[in-house]
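Below: one structure, written as structure tokens.
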Amino acid sequence: MSDLLGVVDWSRAQFALTAMYHWLFVPLTIGLSLIVAIMETIYVRTGEKRWKNITKFWMSLFGINFACGVATGLILEFEFGTNWSNYSWFVGDIFGAPLAIEGLLAFFMEATFVAVMFFGWNKVSRGFHLASSWLTALGVSLSALWILIANAWMQSPVGMEFDPAQMRNVMRDFWAVALNPVAINKFFHAVMSGWALAGVFVVGISSWLLLRRRNIDVAKDSIKIGATVGLVGILLTMMTGHGSAVEVARVQPMKLAAMEGLYEGSCGQDIVGIGVLKSNPAATPDDPMLFDISIPHGLSLLIDMNTTSFVPGINDLIEGRTITEAGDTIYGMSYADKMVCGQKVREALRDYDTARKTGDETGMATAISTIKNNFQYFGYGYLNSPQDAIPPVAMTFYAFHIMVIFGGYLMLYLLLVAFMAFKGKNGIENKWMCILGILSIAIVWICSQAGWIVAEVGRQPWVIQDLMPTTAAISSIQVSSVQLTFWVFAAIFTALLIAEISIMLRYINNASKTDIATKE
């Protein structure tokens, strides 16, 4: 058993390592592809060579990150087969479809037109080159769409049916998977946050140019576009974030409870603005906070647009407890009950296999009926106790609040930058504004990584919500093999990141020594 848990923990760590490195590059390429397309549109409309050079400058930075994103993304997909083969078998028919579409449609589209972007200058017409830039930006977003559809299905499995004969799930409704409300919210939230991240990145690099007193006009023009795209992105990110919270409350209430450090829910539940959890919040579920500033009734209003609605906490969900607005306590299905249902499915699967081998049609039909009636709780049959279904509360709580607080800062910062860039004359050149712009690059990446941690850590222990925990999804491999590849990947990814940052800094520094606007 200890070997199994070791394989699970190290495989989770390896996947998290790869995903977080990958997520350093993805949002930047999503946002920069849009910004580059906008800049080239200005060049085509005005015919000014300076805009062509500005476009090329930011396009080169896009290309560096695009290459790193592809490298880490490919390894991420391979890990489903190497480390999570049971998962791949169990739902490969469903999970594989969006990934296949991403590879055949979006990735090929990106690969085709990104070549025209970089090597088609003066070889194709302006219009065709501009179309290639926009199609690359579209391809990047489409790539994110299909990957996020696959990820959203793991968080809210729909459009499938379990086939006992194959012992795996099969797709029954492709459009239910593709149009999953969780996927729609997740896609727009991720893409818009990419716009915000890239906007802050452009403002930050441009601020460095201003601080060095190099290419001042180029920096100012870039700040205008970066701040505009970033501000639109952060505002839309906040809007879609609300939609995501509503979907989390609907399909992953345990994640929502962990995000708020909420153990005992109530009608008219407050939302924590800033807070610090006690070292052992589960020991005092009625008061898990060491310190907090909360908004009265805010959580109920956020997820239900009703200040008196009941929001369950961790203990409420485990016990199946709901409180009506009249104050009555109602008990439904507890996690212990769900574990019993999950164990019934596992037993029914064994009965079905025995009946199939002996040709017992009646036994097969009885087993199938039991499976269908209880399959929605199949994953609970692998849990040892209801507490196993509680995600890491502290990590989820702090990551969520870091995301929200830093997101609020970024909105105010981008609003200020946009105002100063368009109306503030020379205020954008202020030394402290430039330093703040450079520091904000780190802040926006922390915010982005925190959001990804909330999404993935908050749904633990589930690989597929309610249907498959990590302990059932793992490959049959030695823990030493996973440990070895973890450290190999850690070294390679770190070296890749150092090289990527070094290349970007060298490119930016070299570009700052020349006049970007008039460069041949």
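Provide the descending list of Cα extents for the stretch 193-243 along its principal axes, expressed in whole angstroms.
Principal-axis extents of the stretch 193-243 (Cα, largest first): 43, 13, 11 Å.
Give the peptides 193-200, 45-52 in descending order of average Cβ contacts within 10 Å, highest first.
Final packing ranking: 193-200, 45-52.
Report, in listed order, any pair from LYS56/LYS513; LYS49/LYS186; LYS220/LYS513; LYS186/LYS423; LYS52/LYS513; LYS186/LYS278 with a Cα-Cα distance greater than 27 Å.
Numbers: LYS56/LYS513 16 Å; LYS49/LYS186 39 Å; LYS220/LYS513 17 Å; LYS186/LYS423 35 Å; LYS52/LYS513 18 Å; LYS186/LYS278 31 Å.
Listed pairs above 27 Å: LYS49/LYS186; LYS186/LYS423; LYS186/LYS278.
Taking every pair of alpha-carbon atoms in the stretch 236-281, give the share separated by more than 14 Å as a whole percent.
Within the stretch 236-281, distances greater than 14 Å cover 60 percent of Cα pairs.
Set Lys and Arg Cβ to +1 and Asp and Glu Cβ to -1, take the dipole of the chain about its Cα centre, and tell me which of GLY194, MET420, GLY96 lies farthest positive.
MET420
In deg cm²/dmol, rounded to 500, what helix-only [θ] at 222 nm does the chain give when every DSSP H run of at least 4 residues adds -39500 (n - 2.57) and the total is split over its residues?
On the way: 17 runs with 365 residues, N = 520.
Using -39500 (n - 2.57) per qualifying helix, the result is -24500 deg cm²/dmol.
Apply the Karplus parameterisation 6.51 cos²θ - 1.76 cosθ + 1.60, with θ equal to phi minus 60°, to every residue of the stretch 231-246 and state each ³J(HN,Hα) to the nearest whole Hz, in sequence, with x for glycine and proline.
5, 4, x, 6, 5, 5, 4, 5, 5, 6, x, 5, x, 5, 5, 5
Accessible area of the chain with a 1.4 Å probe: how many percent of it is carbon plus sulfur?
Carbon and sulfur: 65 percent of the exposed surface of the chain.
Relative to the first principal axis of the alpha-carbon coordinates of the chain, what is the inclination of helix 49-82, with its axis defined by its Cα atoms, in degrees from 0 to 90 and to the nearest 10?
Rounded to the nearest ten degrees, it is 20.
What Rg and what Dmax come out for the chain when only alpha-carbon atoms are used, in angstroms?
25.3, 84
Once amide H atoms are built 1.01 Å from N in the peptide plane, which residues 5 or more positions from ARG321, or in another chain, come under 5 Å H to H?
Close amide H contacts, sequence-distant or interchain: GLY332.
So who's got an amide H within less than 5 Å of the one on VAL463, skipping anything under 5 residues away but keeping other chains? H placed 1.01 Å off N, in plane.
Here the answer is MET468, THR470, since their amide H atoms fall under 5 Å of that of VAL463.
Please give the helix 393-423 orientation as an angle from the longest Cα principal axis of the chain, in degrees from 0 to 90, rounded to the nearest 10.
20
Does anyone have the angle between helix 181-211 and the longest principal axis of the chain? Alpha-carbon axes, 0 to 90°, nearest 10?
Between the helix axis and the principal axis of the chain, the angle is about 30 degrees.
How high is the relative contact order of the stretch 252-344, in percent, counting Cα pairs under 8 Å that sit 6 or more residues apart?
Across the stretch 252-344, relative contact order equals 28 percent.
Please state, rounded to one decimal and in Å, the Kirkwood hydrodynamic radius that the stretch 416-514 gives when every pair of distinct Cα atoms enters the mean of 1/r.
Evaluated over the stretch 416-514, this radius sits at 18.4 Å.
Where a Cα-Cα gap under 21 Å defines reach, which lysines qualify for LYS372, not counting those fewer than 8 residues away within the same chain?
Excluding near neighbours in sequence, the set is LYS338, LYS344, LYS357.
Take every Cα pair under 8 Å in the chain that's 6+ residues apart, average their separations, divide by the length, and report that relative contact order as a whole percent.
Reported relative contact order: 20 percent.
Report the relative contact order of the stretch 109-223, percent, no decimals, based on alpha-carbon pairs under 8 angstrom and at least 6 residues apart.
Numbers: 87 pairs, mean separation 20.6, N = 115.
Dividing the mean separation by the residue count of the stretch 109-223 yields 18 percent.
Using modelled backbone amide H atoms (1.01 Å from N, in-plane), which distant-in-sequence or interchain residues come within less than 5 Å of ILE271's amide H?
ILE295, HIS297, GLY298, LEU299
For the stretch 265-306, what is the accessible area per residue in Å² when the probe is 1.4 Å? Walk me through the numbers before you get to the answer.
Numbers: 2360 Å² over 42 residues.
That works out to 56 Å² per residue.
The values are calculated or read from the model by the stated rules, or taken from the named source; none is laboratory data. This structure is a prediction, so every number in the text was calculated from the model and none was measured. Cβ coordinates were reconstructed from backbone atoms using ideal geometry, including for glycine residues, and neighbour counts include every protein chain displayed. All accessible areas refer to the heavy atoms of the entire protein, side chains included, with ligands and DNA or RNA removed. Shrake-Rupley method; radii C 1.70, N 1.55, O 1.52, S 1.80 Å.
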